[in-house]
Amino acid sequence: MKVKKVKSLINFIESNDEHWHPIHHWVFRGVPNANFGLRPTLGRHRIQKPDWILNREMCLLEDFKRRAANLLEKNPSGDLEWLCVARHYGLATRLLDWTQNALVALYFAAHSDIESDFAVYCMFGGTHLGADCSDMQLEDIQKRDDEVLFFPRWTSPRLISQSAVFLLCSKPWEDFNGSDDYTVEKYVFPAACRKKLRYQLRMLDITSAVVWADLQGLAQDINDLYFYIDRERFPLPPPDAKMKQILREFKKQLGQNAPSKRRGSR
């Protein structure tokens, strides 16, 4: 895996010029700590026995389907689509969240208020599954021995706002580091630029309200606006000699135009 160090938003955008194509998409994943690997949530439990994890996967999905059915406007067509919905609401699955929007990935990497370097992974290639595979059942998913990108139907506001794509991991208990089919690159940002990047992303309207596209995201966005953004102050560069001269002339002019005080007046 190729690792690149970048220090600014412009640097990141320029480095990714070659990674955008209207049809043949690179996809992006942001992580708040650069040390985080590409392992899905299902495989992050302290118990790393494959049979135990596969059994728990079945239990997790069945319980989610049973309890979430009345909360959805339309039920997913099959287990693969159920996994996508469940992952977007926090259920541990074998899916890794990716996005077709590099700035959305950067939002997820930079938004956490922690002191660590952070990173955005970029990936291209491999086999893609389309929406016609949405009805794939978990039993068949567990039999797959390859990693594959799945482009789901965008059936919820979050999937749409995050330009969602998922990597279906055949061994969720292992980190994914790329393969013969997939090229993976990693862009690492220093912790010192985290706050400035968050400020710049807000200038581009990449905010919680936009990324999450629901009331939870809206509330977080308002919290950020009133309790966080006012604390961000980035000093301007010191004025050069010409600017200093302009400031002196301006102050002198202000002094000349100021009304004079009349002696004895109260």
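The values are calculated or read from the model by the stated rules, or taken from the named source; none is laboratory data. Everything numeric here is computed off the predicted structure, so don't read it as measured data. For neighbour counting, all protein chains shown are included, and Cβ atoms are generated from backbone atoms with ideal geometry for every residue, glycine included.
Residue 171 falls short on exactly one of the conditions (1) modelled with pLDDT of 95 or more; (2) closer than 25 Å to residue 212 by Cα, and that condition is (2). Among what's in region 185-196 and is at pLDDT below 95 and hydrophobic (A, V, I, L, M, F, W, C), pick the residue that is farthest from the chain's Cα centre (by Cα). Ranking the qualifying residues of region 185-196, first place goes to 192. Quick one: in region 62-88, of everything that is of a type in the set (A, V, I, L, M, F, W, C) and under 24 Å from the mean Cα position of the chain (by Cα), which residue is farthest from residue 213 (Cα to Cα)? Only one residue fits best here, namely 80. Can you confirm whether region 125-134 contains a residue that is in contact (Cβ under 8 Å) with a residue 60 or more places away in the chain and surrounded by fewer than 17 Cβ atoms within 10 Å (Cβ to Cβ)? Scanning region 125-134 turns up no residue that is in contact (Cβ under 8 Å) with a residue 60 or more places away in the chain and surrounded by fewer than 17 Cβ atoms within 10 Å (Cβ to Cβ). Of the conditions (1) more than 19 Å from residue 213 (Cβ to Cβ); (2) of a type in the set (Gly, Ala, Ser); (3) in contact with a Phe, Trp or Tyr (Cβ under 6 Å, 6 or more places away or on another chain); (4) modelled with pLDDT of 90 or more, residue 105 satisfies every one except a single condition; which number is it? With (1) more than 19 Å from residue 213 (Cβ to Cβ); (2) of a type in the set (Gly, Ala, Ser); (3) in contact with a Phe, Trp or Tyr (Cβ under 6 Å, 6 or more places away or on another chain); (4) modelled with pLDDT of 90 or more applied to residue 105, the lone miss is (1). Listed conditions (1) in contact with a helix residue (DSSP H, G or I) (Cβ under 7 Å, 6 or more places away or on another chain); (2) surrounded by fewer than 16 Cβ atoms within 10 Å (Cβ to Cβ); (3) under 21 Å from residue 18 (Cα atoms) are all met by residue 119, apart from (2). Of note, residue 82 satisfies the criterion of being surrounded by 13 or more Cβ atoms within 10 Å (Cβ to Cβ), under 20 Å from residue 129 (Cβ atoms), in contact with a Phe, Trp or Tyr (Cβ under 9 Å, 6 or more places away or on another chain) and without any contact (Cβ under 8 Å) to a residue 24 or more places away in the chain.
Here's a check for you: in region 172-210, which residue that is under 24 Å from residue 18 (Cα atoms) and of a type in the set (Val, Ile, Thr) is surrounded by the fewest Cβ atoms within 10 Å (Cβ to Cβ)? Per the stated criteria, the residue is 183.
Each residue in region 85-107 was checked for being surrounded by 20 or more Cβ atoms within 10 Å (Cβ to Cβ) and either of a type in the set (Ser, Thr, Tyr) or in contact with a strand residue (DSSP E or B) (Cβ under 6 Å, 6 or more places away or on another chain) (or both), and 10 pass.
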